[in-house]
Each structure stands twice: as C-alpha cells, then as structure tokens.
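Here the structure comes first, spelled out in structure tokens, and everything after it is commentary.
The values are calculated or read from the model by the stated rules, or taken from the named source; none is laboratory data. Computed from a predicted structure; not experimentally measured. Cβ: placed from backbone, ideal geometry, glycine included. Neighbour counts: every protein chain shown. Areas reflect the complete protein model, heavy atoms only, side chains present, ligands, DNA and RNA absent. Shrake-Rupley method; radii C 1.70, N 1.55, O 1.52, S 1.80 Å.
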Amino acid sequence: MFYKQWYLSNFGSVDPASGGSAKVGADIKILNTWDIESGNEEVIVAILDSGIRDEHPDLKDRIWINKEEIPGNGIDDDYNGYADDYKGWDFAYDDRRPDDGFGHGTNIATVIGASTDNVIGFAGVDKKCRLMNCKNLNADNTGEYSWWSESIKYAVDNGADIINMSEGGDDYSK
C-alpha cells in the first residue's frame, strides 16, 4: 500500500472522492532518501505511546528485544528494575505486556518502522530499525506525567537512539 502513503512519495495518489486531495511532490521524497540510506538495525527507536501490537505482520520482526532478559521467569535478569521486560514495558499498568489498547502506538510504529517490500501493508520510513515498546498511555489513551517521565528514562537507560513521543497534555506538571 505504498501508493497510499502520500507523505512518503506523492504522485497525486490520494483519491479526491474520499475527501482527500494530493499535490504531486508534497512529500518527504523517501525514494531519494532510500537511495542514500534505508536504515540500520542497530538503531533503536523508542515508541512512547499506547503500546505496539507486537504480532502485527509489518512490525513483528522489528520489535526491540531486551537480550539481557529471560522472558517469563519473573526475575529482573538485567537488573534494570523491570522483571521480564523482554519486549519493553507497560508504564500505564506497570507490567511486562505493553499491548496496544488504543491503536495509536501501532500506527506510529508502522509509520516509523513497518517492514517494507513484503507485499503486506505499509512501508516504514526506516527499513531496518528496531522498535522499543514503551507503553505510557492506558486503554482510554490518557496518561500520567509520571508514566511519561519513567518511560523516557527507561528508553534512554535501555539504549534507545531516538524517542518518539506523540503525546500531549494540558494538566499542570511540577
């Protein structure tokens, strides 16, 4: 469905009948970019959002794995304060299952790092990066500043090179 991703390469493919309009060339020119650099599997992008559906066919091979952690043994093998954080952490519910309860985090993850050239769905901007799942919004798509700050610290402490946090709020924060 690359042709539907007008923000990557816009050939005027947005269907005006669906209420959209497209200006040819109004995009990030990803094809030119991929000629220079298509990504690196050493790059870890932390997604701080509603979680990532880690069995999504375009994402399942891109999810960051905490190789210092033994999954399911109930022990914090890497001594980072989170037991069994093999595939990230859920800061909203304080557990090892950062499943996407709202959908936004999975959407963001596909824009950034969906597998490409697999005839399944969309193409991510980075064809090779790893996606660190830091769920810091609950199923109602709301969060606490304490969850947000803890997820930022987790991402940094566990090797994230880039942090994507597509969130906002208007409550007072100390």
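Pairs of Lys residues in the chain, spaced 8 or more positions apart or belonging to different chains, with C-alpha separations under 20 angstrom: 19 in total. May I ask you to give the percent of accessible area on the chain that is carbon plus sulfur, with a probe radius of 1.4 Å? Carbon and sulfur atoms account for 51 percent of the accessible area of the chain. Treating the angle as unsigned and between 0 and 90°, give the value, to the nearest 10°, between the Cα long axis of helix 104-113 and the longest Cα principal axis of the chain. With both axes taken from Cα atoms, the answer is about 70 degrees.
Modelled spin labels at ILE70 and THR142, positioned 7 Å past Cα toward Cβ, are 4.1 nm from each other. Computed from the Cβ-Cβ distance with R0 of 25 Å, the FRET efficiency linking PHE11 to LYS60 stands at 0.25.
Stokes-Einstein diffusion of the chain at 20 °C, 1.002 mPa s viscosity, Kirkwood radius from Cα pairs, rounded to a whole number: 125 µm²/s. Helical runs assigned H by DSSP (4 residues or longer) give the chain a calculated mean residue ellipticity at 222 nm of -5000 deg cm²/dmol, each run adding -39500 (n - 2.57) before division by the residue total.
Quick check: the angle from helix 145-157's long axis to the longest principal axis of the chain, C-alpha only, nearest 10 degrees? Taking Cα atoms only, the helix is inclined about 90 degrees.
Potential lengthening of the chain between VAL24 and TYR79 amounts to 14.7 nm, from the contour at 0.36 nm per residue minus the alpha-carbon distance.
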